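A short worksheet on the structure shown next.
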Amino acid sequence: MSSDQYIFEDPSKKYADIDTTAQYQKGPGLDADLNETADRGENSYRGTGRLEGRKALVTGGDSGIGAAVAIAYAREGADVAISYLPEEEEDARKIVALIEKAGRTAVALPGDLTDAAFCRETITKAVEGLGGLDILVNNAGKQQHVEDLSELSDEQFDETFKTNVYAMFWLTKAALAHLKPGSTIINTTSIQAYSPSENLVDYASTKATINAFTKALGQQLAPKGIRVNAVAPGPIWTPLQTAGGQPTEELPEFGEQTPLGRAGQPAELAPAYVFLASGESSYVIGETLNVNGGMPTP
Ligand code: NAD
Ligand code: MG
């Protein structure tokens with residue numbers, strides 16, 4: 001493993017030997033049960049003060065990409081609140097400990113974001129716990145593969161949209177009452193927004209929606225000094241994929257279709273979220289930063 005994210009090395013060889021064994025996890029899945037363990041930057045992310053004094057809420061900050069973002073933000077000097085589902089407490093505790101180890105305030109916000117009232121409460125509690133808010137990362141997401149539309153239940157269609165789209169809307173709307181000029185909103189979209197898989201009809205549709213939401217709102221909020229951007233990951237090794245995101249038998253080949261020929265690790269996403277949250281990206285608005293191992297996007 002690299003010593004930190006600034007090392008120059010061959011990206012096709014970095015993590016090339018990770019074994020994405022066929023496996024299945026029920027519910028949202030845990031990083032704790034992921035085989036082989038993902039890299040969220042615990043042992044490698046080096047902060048350089050790029051988010052000193054900022055206050056961030058990262059939804060889905062217990063595991064995967066959100067956990068890598070939470071670790072990076074804390075090491076860059078931000079206080080961080082993470083939201084997650086109650087059954088993910090085990091994962092969340094580890095991230096809270098890492099935020100605190102970085103010398104920052106951590107706020108843990110368990111609960112179900114498919115509920116509008118809970119989304120509003122999450123913002124209120126994040127603001128109270130952090131003493132303000134200036135970075136909102138809408139990252140929580142639901143992905144369940146279904147091979148035939150006739151098997152895609154109304155309940156799943158509704159839950160996927162509630163988790164990926166409605167929660168983003170409810171959280172963003174509530175956060176705007178607190179965000180001052182200089183604040184940033186970052187939404188996690190996906191390569192699926194442009195290259196939808198045939199078995200991810202509901203999920204891919206939500207991600208295209210997130211891209212449009214980001215570009216529309218980015219224009220609306222720019223005059224207020226609030227920037228909205230998105231990050232579009234490619235195939236990243238997280239519990240989302242082992243908890244029904246992909247057919248289990250396809251996991252051993254996960255990520256091999258990318259030009260780099262391997263799955264990405266959550267730690268490789270964090271610098272994109274740091275860039276979009278920091279003042280370095282002051283002229284970047286409505287943009288989708290693709291972090292996908294080289295898959296072409298429009
Ligand atoms: P992950 O499972 O580690 O994170 C997703 C998180 O969403 C969970 O930890 C959970 O806390 C949260 N969540 C789900 N339903 C929720 C609900 N109802 N209420 C509250 N929280 C809820 O997986 P990840 O891959 O890191 O996913 C993070 C984001 O990245 C998601 O938006 C996902 O769509 C996106 N993404 C992932 C990949 C990939 O290959 N892993 C690719 C593109 C986009
Ligand atoms: Mg999780």
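Can you tell me which of ALA67, ALA78, ALA32 is within 10 Å of ligand 2 (Cβ to nearest atom), out of contact with any Phe, Trp or Tyr (no Cβ under 7 Å at 6 or more places or on another chain) and within 21 Å of GLN5 (Cα to Cα)?
Testing whether each residue is within 10 Å of ligand 2 (Cβ to nearest atom), out of contact with any Phe, Trp or Tyr (no Cβ under 7 Å at 6 or more places or on another chain) and within 21 Å of GLN5 (Cα to Cα) leaves just ALA67.
Would you check which residues across segment 189-220 are touching a helix residue (DSSP H, G or I) at 6+ places or on another chain (Cβ under 9 Å), polar (S, T, N, Q), open to solvent by 10 Å² or more (accessible area, probe 1.4 Å) and outside any loop (DSSP other than H, G, I, E, B) and list them?
GLN192, SER205, THR209, ASN211
What residue, among those in segment 77-89 that are of a type outside the set (A, V, I, L, M) and free of Cβ contacts under 8 Å to residues at least 60 places away in the same chain, is most open to solvent (accessible area, probe 1.4 Å)?
Of everything passing the filter in segment 77-89, PRO86 is most open to solvent (accessible area, probe 1.4 Å).
Checking the condition free of Cβ contacts under 8 Å to residues at least 60 places away in the same chain, more than 13 Å from ligand 1 (Cβ to nearest atom), at negative phi and open to solvent by less than 40 Å² (accessible area, probe 1.4 Å), which residue from ALA97, ALA70, ALA92, ALA74 passes?
Only one candidate qualifies: ALA74.
What number of residues within segment 7-35 satisfy the criterion of being open to solvent by 70 Å² or more (accessible area, probe 1.4 Å), assigned to a loop (DSSP other than H, G, I, E, B) and within 19 Å of ASP91 (Cβ to Cβ)?
3
Would you mind telling me which numbered condition in (1) among the polar types (S, T, N, Q); (2) surrounded by 15 or more Cβ atoms within 10 Å (Cβ to Cβ); (3) farther than 15 Å from LEU269 by Cβ THR258 fails?
(3)
Just give me the residues in segment 158-188 being open to solvent by 30 Å² or more (accessible area, probe 1.4 Å) and within 29 Å of GLY293 (Cβ to Cβ), in sequence order.
GLU159, PHE161
The values are calculated or read from the model by the stated rules, or taken from the named source; none is laboratory data. The structure presented is a predicted model; accordingly, all values stated were derived computationally and were not measured. Backbone-built Cβ (ideal geometry, glycine too); neighbour counts: all protein chains shown. Accessible surface areas use protein heavy atoms only, side chains included; no ligands, DNA or RNA. Shrake-Rupley method; radii C 1.70, N 1.55, O 1.52, S 1.80 Å.
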